[in-house]
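Colleague: Input: one structure, supplied below.
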């Protein structure tokens with residue numbers, strides 16, 4: 001029988017559980033994909049995404065709904081970044097979500113090199129309302145590509161005495177997968193971002209960028225990422241494949257629906273994609289087989 005945890009081990013487990021609760025509450029799609037990760041890395045990926053979600057909530061609706069001004073939101077975000085970097089350095093935080101993330105960062109071998117750009121992009125949401133091509137790419141790097149790189153560092157570094165550097169091919173694949181995820185979210189949330197938040201991330205229509213241009217970029221990024229997924233550690237491939245194929249499905253549905261409604265993937269299709277990944281199918285197998293995702297587009301919230 002495993003002895004009951006005490007001290008820092010108990011605190012670590014409690015922090016991991018808190019992060020898992022954040023993920024469970026906010027994202028069914030991520031929850032399905034993360035369950036396909038091996039036990040070695042599953043809590044660490046959840047720890048990364050939980051902190052990302054908390055930071056995102058500071059600059060999006062909940063912070064404003066709580067009555068925070070832009071200056072107050074900036075101060076809260078800055079304090080979260082300061083505490084996160086300090087926790088990575090010292091190995092402890094009184095904030096359970098920060099503690100879990102910091103432990104993952106220490107075990108995976110990343111710190112300010114990836115954390116700084118992430119918070120920089122989050123601060124952008126407080127002041128920038130319309131992005132051009134350059135600011136879009138900078139924002140996507142900090143808000144999404146570095147999150148993919150954090151997960152990649154966990155994939156290759158957790159449980160190693162000295163976390164190795166991932167290969168350049170895997171780095172490129174992680175960045176492009178993160179970029180594809182972000183652009184899909186931008187495209188399907190475009191109406192909400194404009195109406196509720198007053199933001200335009202894509203510049204469609206006004207600066208020689210079309211909706212088709214964005215979808216073509218997404219599909220090219222997804223294809224590039226799919227090519228290197230087989231190089232990931234075995235206990236990560238199925239989860240990344242499931243996530244890849246979910247966003248490929250969203251991209252396909254977005255191409256078929258240009259009315260501006262929020263496209264979603266029905267739960268049975270999500271489960272079918274996860275089952276294909278669990279069975280070891282290669283990323284993109286759905287599109288090749290043509291057997292999933294033929295149901296009518298639904299425009300309700302996922």
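Colleague: Being modelled with pLDDT of 95 or more and at negative phi is the requirement here; does residue 227 meet it?
Modeller: Yes; evaluated as a whole, the condition is true for this residue.
Colleague: If you don't mind, there's one more thing I want to ask. Just to be sure, is residue 240 under 28 Å from residue 275 (Cβ atoms), in a helix (DSSP H, G or I) and within 16 Å of the chain's Cα centre (by Cα)?
Modeller: Against the criterion (under 28 Å from residue 275 (Cβ atoms), in a helix (DSSP H, G or I) and within 16 Å of the chain's Cα centre (by Cα)), residue 240 qualifies.
Colleague: Can I ask one more? For a quick check of your reading: which helices (runs of 4 or more DSSP H) sit entirely within region 1-106 and have at least 3 residues that are surrounded by 17 or more Cβ atoms within 10 Å (Cβ to Cβ)?
Modeller: The qualifying helices (runs of 4 or more DSSP H) are 7-26, 28-34, 42-59, 70-90.
Colleague: Just one of 66, 5 is modelled with pLDDT under 85 and either in contact with a strand residue (DSSP E or B) (Cβ under 8 Å, 6 or more places away or on another chain) or more than 28 Å from residue 267 (Cβ to Cβ) (or both); which is it?
Modeller: Every option except 5 fails the conditions.
Colleague: So if I check each of 133, 111, which one is surrounded by fewer than 20 Cβ atoms within 10 Å (Cβ to Cβ) and closer than 22 Å to residue 198 by Cβ?
Modeller: 133
Colleague: Let me ask you something else. Taking the stated definitions as given, is residue 273 at pLDDT below 95, under 22 Å from the mean Cα position of the chain (by Cα) and surrounded by fewer than 16 Cβ atoms within 10 Å (Cβ to Cβ)?
Modeller: no
Colleague: Among 199, 176, which is in contact with a strand residue (DSSP E or B) (Cβ under 9 Å, 6 or more places away or on another chain), surrounded by 15 or more Cβ atoms within 10 Å (Cβ to Cβ), within 20 Å of residue 144 (Cβ to Cβ) and modelled with pLDDT of 90 or more?
Modeller: That would be 199, the only listed residue that is in contact with a strand residue (DSSP E or B) (Cβ under 9 Å, 6 or more places away or on another chain), surrounded by 15 or more Cβ atoms within 10 Å (Cβ to Cβ), within 20 Å of residue 144 (Cβ to Cβ) and modelled with pLDDT of 90 or more.
Colleague: Just wondering, is there one or more residues in region 207-218 that are farther than 19 Å from residue 275 by Cβ, in a helix (DSSP H, G or I), free of Cβ contacts under 8 Å to residues at least 60 places away in the same chain and within 16 Å of the chain's Cα centre (by Cα)?
Modeller: yes
The values are calculated or read from the model by the stated rules, or taken from the named source; none is laboratory data. Please read all numbers here as calculations on a predicted model, not as lab measurements. Neighbour counts are summed over all protein chains in view; Cβ atoms, including those assigned to glycine, are modelled from backbone coordinates with ideal geometry.
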